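J.: Pasting in a structure now, in structure tokens, and then I'll have a few things to ask.
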Amino acid sequence: MEYILLGIAGFFVAYLFDLASLRKILYTKQAIEVIAVCLTGYSHLMVCSRGERLSLPISFSYVGWPLFGLASLAMIYSLFLEIPFKQTYIAESAGNKLVTTGTYALVRHPGVLWYALVLISLIFVSRRQLMLFAAPIWFLMDVLYVWLQDRFFFPRMFLDYPRYQHETPMLIPNRTSLSRCFTTFVEGWKRTNHSRKGENT
């Protein structure tokens with residue numbers, strides 16, 4: 001149980017990240033990142049390796065590992081590649097560039113979707129009762145985190161955020177957002193392909 005609480009503490013530390021971005025306090029943002037990642041990472045690792053086993057066949061792990069890999073790649077793409085990495089995680093301020101294409105055309109917080117899949121995959125891989133208990137708690141902590149961002153921080157960081165809130169669902173994709181997400185990926189691929197052809201001519 002202490003490892004679940006440790007993960008919760010990691011989320012509470014992460015809640016301070018956007019506050020530090022708004023206040024532009026020197027080095028605070030980076031320190032919060034390191035502490036939050038260490039707490040959540042360690043707690044997830046320990047919960048997956050402690051406690052009693054669930055009565056699940058080992059074949060569940062054969063599904064869990066590929067799911068974990070795909071969900072992790074999707075999370076890395078959404079959180080570290082689609083949005084400007086340096087401005088988001090290293091610079092003191094949050095910047096003013098709002099990304100509304102790709103997975104951010106699907107929902108406003110795609111990382112929550114990928115994190116849900118990561119948690120499910122960890123249940124399958126670890127087959128631990130403690131992980132089954134921790135997963136919904138940590139998922140709710142993540143939902144609370146993005147709700148705070150959506151309600152209090154992002155509208156102050158990005159001028160166009162109210163329009164983005166109106167056009168794109170927060171967590172549950174709809175038909176329009178699915179279509180917009182697909183369209184932006186196709187357009188991005190065409191632009192990349194066109195630029196490559198231009199370099200080769």
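J.: In this structure, is THR88 closer than 30 Å to VAL186 by Cα and of a type in the set (Val, Ile, Thr)?
T.: yes
J.: Scan the range 159-188 for residues that are over 23 Å from VAL143 (Cβ atoms) and of a type in the set (Phe, Trp, Tyr) and jot them down.
T.: Of everything in the range 159-188, those that are over 23 Å from VAL143 (Cβ atoms) and of a type in the set (Phe, Trp, Tyr) turn out to be PHE182, PHE185.
J.: I want to confirm something. Restricting to the range 26-55 and keeping residues that are among the hydroxyl-bearing types (Ser, Thr, Tyr) and surrounded by 16 or more Cβ atoms within 10 Å (Cβ to Cβ), which single residue is modelled with the lowest pLDDT?
T.: So, considering only residues that are among the hydroxyl-bearing types (Ser, Thr, Tyr) and surrounded by 16 or more Cβ atoms within 10 Å (Cβ to Cβ), the one modelled with the lowest pLDDT is THR28.
J.: Within the group SER78, SER126, SER121, which residue is in contact with a Cys (Cβ under 6 Å, 6 or more places away or on another chain) and crowded, with 19+ Cβ neighbours inside 10 Å?
T.: Only one candidate qualifies: SER126.
J.: For the range 71-85, indicate whether the set of residues that are modelled with pLDDT of 95 or more, under 17 Å from ALA14 (Cα atoms) and of a type in the set (Phe, Trp, Tyr) is non-empty.
T.: no
J.: How many residues does the range 1-13 hold that are over 20 Å from MET131 (Cβ atoms) and surrounded by 15 or more Cβ atoms within 10 Å (Cβ to Cβ)?
T.: 1
J.: Between VAL146, VAL112, VAL118, which is in contact with a Leu (Cβ under 7 Å, 6 or more places away or on another chain) and among the β-branched types (Val, Ile, Thr)?
T.: Matching residue, one of VAL146, VAL112, VAL118: VAL112.
Rundown of residues vs (1) in contact with a helix residue (DSSP H, G or I) (Cβ under 9 Å, 6 or more places away or on another chain); (2) touching a residue at least 60 places away in the same chain (Cβ under 8 Å); (3) aliphatic (A, V, I, L, M), yes/no style:
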position	(1), (2), (3)
LEU73	yes, no, yes
SER78	yes, no, no
THR101	yes, yes, no
VAL107	yes, yes, yes
TRP114	yes, no, no
LEU122	yes, yes, yes
ARG128	yes, yes, no
VAL146	yes, no, yes
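J.: Continuing with this model, one more query. Is it the case that GLU33 is out of contact with any strand residue (DSSP E or B) (no Cβ under 6 Å at 6 or more places or on another chain), acidic (Asp, Glu) and either closer than 20 Å to PHE152 by Cα or in contact (Cβ under 8 Å) with a residue 24 or more places away in the chain (or both)?
T.: Considered against the rule, which asks whether it is out of contact with any strand residue (DSSP E or B) (no Cβ under 6 Å at 6 or more places or on another chain), acidic (Asp, Glu) and either closer than 20 Å to PHE152 by Cα or in contact (Cβ under 8 Å) with a residue 24 or more places away in the chain (or both), GLU33 comes out as yes.
J.: From LEU132, LEU140, LEU148, grab the single residue that is surrounded by 16 or more Cβ atoms within 10 Å (Cβ to Cβ), assigned to a helix (DSSP H, G or I) and of a type in the set (A, V, I, L, M).
T.: Going through LEU132, LEU140, LEU148 in turn, the sole match is LEU132.
The values are calculated or read from the model by the stated rules, or taken from the named source; none is laboratory data. The structure presented is a predicted model; accordingly, all values stated were derived computationally and were not measured. With ideal geometry, Cβ positions are generated from the backbone for all residues, glycine too; neighbour counts draw on all protein chains shown.
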